[in-house]
1. Could you say whether any residue in the range 280-293 is in contact (Cβ under 8 Å) with a residue 24 or more places away in the chain, surrounded by 20 or more Cβ atoms within 10 Å (Cβ to Cβ) and aromatic (Phe, Trp, Tyr)?
2. Tell me the residue from Val126, Val137 that is part of a strand (DSSP E or B), crowded, with 19+ Cβ neighbours inside 10 Å and touching a residue at least 12 places away in the same chain (Cβ under 8 Å), please.
3. Working only within the range 172-187, note down all residues that are within 18 Å of the chain's Cα centre (by Cα) and crowded, with 16+ Cβ neighbours inside 10 Å.
4. Could you please find all residues in the range 257-279 being buried (at least 17 other Cβ atoms within 10 Å of the Cβ) and not in a helix (DSSP H, G or I)?
5. Which of the residues that make up the range 295-330 are part of a strand (DSSP E or B), of a type in the set (Val, Ile, Thr) and over 18 Å from Phe214 (Cβ atoms)?
6. Got a number for residues in the range 109-123 being surrounded by 23 or more Cβ atoms within 10 Å (Cβ to Cβ) and assigned to a loop (DSSP other than H, G, I, E, B)?
7. State whether one or more residues within the range 93-105 are farther than 15 Å from Lys132 by Cβ, in contact (Cβ under 8 Å) with a residue 24 or more places away in the chain and surrounded by fewer than 18 Cβ atoms within 10 Å (Cβ to Cβ).
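Please treat every number below as a calculation from the coordinates, not as lab data. A quick note: this is a predicted structure, and the numbers were derived from the prediction, not measured. When we count neighbours, we look across all protein chains shown, and the Cβ atoms used for this are built from the backbone with ideal geometry, even at glycine.
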Amino acid sequence: MGASEMKDDVQPSNLNLGLGKICCIRTLFEDQRRYLDYFFDRLNFSQVQAFTEVCVRAEGVIFFSGVGKSGLVAQKVAQTLVSTGTRSAFLSPTDALHGDIGIVTAQDILVLFSKSGATDELLRLVPCARAKGAYLVAVTSVKSSTLAKLCDMHVYLPLERELCPYNLAPVTSTSIQMLFGDTVVVAIMKAKNLTKEEYALNHPAGRIGKRLIFRVEDVMKRGGEIPLCRVDDLIMDQLVELSAKGCGCLIVVDEHKHLLGTFTDGDLRRSLNSHEAKIFSLTVGQMCNRSPRSISADAMAVEAMQKMEDPPSPVQFLPVVDESNVVIGLVTLHGLVSAGL
């Protein structure tokens, strides 16, 4: 089918139908915003404050539970809370009734998410958790629900209706559950004065965590990986070392490995341009940088990256030295980037 034939197949009625769908989408978003405004306008902040204080004072684990979509929200809130340093976990109501309730103790809190407050699995879980001595909190969108009456505390999440045209699919109710849970998590973080460094300890694989945790010693080259040479070595004799180690540099040291300078592949090019054939008789000490930047092994890795970018011009590596200026390692920009910094 040619391009002209394809264009002929697109009828004006089809285009109008598409535009109609876009207008419908906008209306749905506006409706959802109005339903969320209903939630915010009627939320009892005293209840939320009391619930937050209970969580902050918790001596044990804060368990979250729910069924279906509310269960997924409960899992997410639990995972967010534990990632910020508070002991928390999701407890499947079905698994709990078949043995997993054994993990719950009298020091724990069990938070039950249910839109209706009439979820059968949660209602059957309540007496089991109460027998274990746990503190029970119901989070529902029905003020006088059965679950609310059975628990020690109730947090009411006002819900005008679901966005679903039949007021059935849980799309607005789960949104307000998530808003409630995540906001409480942040309140708990603030109440516990969680520092950025403490947060990073719980996220060691992430870029933020690596920047706050990794030190130079964690990412530096060591021993035979370091391209070392002496000041009286001929430049031409060190070309293999310069290229073989793949660092783009030579670290110039004395017999005790004290740092004396650095020689880079850039220095090599400049030497060739300015000295041409005389380069065969030049030593590394004659052409090396005698005032190289360096860093200690216990410095933060991100500090090394920043130091490489310092004026007067950026560099691709830093010798790592101890308190006696002895070379103990080499950190490269490539190594830092590969480590996720």
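1. No: the range 280-293 contains no residue that is in contact (Cβ under 8 Å) with a residue 24 or more places away in the chain, surrounded by 20 or more Cβ atoms within 10 Å (Cβ to Cβ) and aromatic (Phe, Trp, Tyr).
2. Details: Val126 fails: part of a strand (DSSP E or B).
Testing whether each residue is part of a strand (DSSP E or B), crowded, with 19+ Cβ neighbours inside 10 Å and touching a residue at least 12 places away in the same chain (Cβ under 8 Å) leaves just Val137.
3. Initially, the range 172-187 is screened for residues within 18 Å of the chain's Cα centre (by Cα), giving 182-183, 185-186.
Of everything in the range 172-187, just one residue is within 18 Å of the chain's Cα centre (by Cα) and crowded, with 16+ Cβ neighbours inside 10 Å, namely Val185.
4. Once the filter is applied, which keeps residues that are buried (at least 17 other Cβ atoms within 10 Å of the Cβ) and not in a helix (DSSP H, G or I), the range 257-279 yields Lys257, Leu259, Leu260, Gly261, Thr262, Phe263, Thr264.
5. Filtering the range 295-330 for residues part of a strand (DSSP E or B) gives 295-296, 300, 317-321, 326-330.
If we keep only those that are of a type in the set (Val, Ile, Thr) too, we end up with 295, 320-321, 326-328.
Residues satisfying the conditions are Val321, Val326, Val327.
6. Going residue by residue through the range 109-123, those that are surrounded by 23 or more Cβ atoms within 10 Å (Cβ to Cβ) are 109-115, 117, 119, 122.
Filter again for assigned to a loop (DSSP other than H, G, I, E, B), leaving 114-115, 117, 119.
Result for the range 109-123: 4.
7. Yes, the conditions are met somewhere in the range 93-105.
Results for (1) in contact with a Phe, Trp or Tyr (Cβ under 8 Å, 6 or more places away or on another chain); (2) within 18 Å of Gly266 (Cβ to Cβ), shown as yes or no for each residue.
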site	(1), (2)
Asp310	no, yes
Phe317	no, yes
Ser324	no, no
Val337	no, no
Leu341	yes, no
